[in-house]
Amino acid sequence: MLLEKIPLSVAIIVKNEEMNLPECLKSVSFADDIVVVDSGSTDRTVEIAKEFGCRVFIEDWKGYGPQKNSAVDKCKHEWVLVVDADERIPEETKNEIIKK
């Protein structure tokens, strides 16, 4: 089990993703900075992100490109992994990232 998180940011844009977000966040839990930009969820998406320790921002929807850029701009680290809530980082990919 990984004891220390690596200096990597993850950017995720969401709206009403309470069903997908937990597994996504588990798959990127090795990153020490996870930014979630929510565009007005009416489910538990924001609460779930906060429970996982993400930095959460609520913004009006600006379109995919601008919304993702907004999330990336809020990241702390030079290296940023951009994922969607329905994506999972496979264990072997995680291990490759950690090795770098």
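The values are calculated or read from the model by the stated rules, or taken from the named source; none is laboratory data. Computed from a predicted model, the values in this text were never measured in an experiment. Ideal geometry is used to build each Cβ from the backbone, glycine not excepted, and the neighbour counts take in all protein chains shown.
Any residue in region 75-95 that is closer than 15 Å to L21 by Cα sitting within a Cβ distance under 7 Å of a residue that is among the charged types (D, E, K, R) and exposed (fewer than 14 other Cβ atoms within 10 Å of the Cβ)? List the pairs, counting only those 6 or more apart or interchain.
R88/E23
Given the conditions (1) under 9 Å from the mean Cα position of the chain (by Cα); (2) of a type outside the set (S, T, Y); (3) crowded, with 16+ Cβ neighbours inside 10 Å, and given that I48 satisfies all but one, which numbered condition is not satisfied?
Only one criterion is unmet by I48, namely (1).
Report the residue count in region 1-31 for those that are within 15 Å of I98 (Cβ to Cβ) and either β-branched (V, I, T) or in contact (Cβ under 8 Å) with a residue 40 or more places away in the chain (or both).
Adding up the residues that qualify gives 10.
For the structure I just gave you, tell me whether A71 is under 18 Å from I6 (Cβ atoms), touching a residue at least 12 places away in the same chain (Cβ under 8 Å) and crowded, with 19+ Cβ neighbours inside 10 Å. Break it down into steps so the answer makes sense when it comes.
Working: under 18 Å from I6 (Cβ atoms): no; touching a residue at least 12 places away in the same chain (Cβ under 8 Å): yes; crowded, with 19+ Cβ neighbours inside 10 Å: yes.
No: the conditions fail for A71.
Just to verify a result, which residue in region 7-43, among those that are buried (at least 16 other Cβ atoms within 10 Å of the Cβ) and either modelled with pLDDT under 95 or among the charged types (D, E, K, R) (or both), is farthest from V72 (Cα to Cα)?
Filtering region 7-43 for residues that are buried (at least 16 other Cβ atoms within 10 Å of the Cβ) and either modelled with pLDDT under 95 or among the charged types (D, E, K, R) (or both), the one farthest from V72 (Cα to Cα) comes out as E18.
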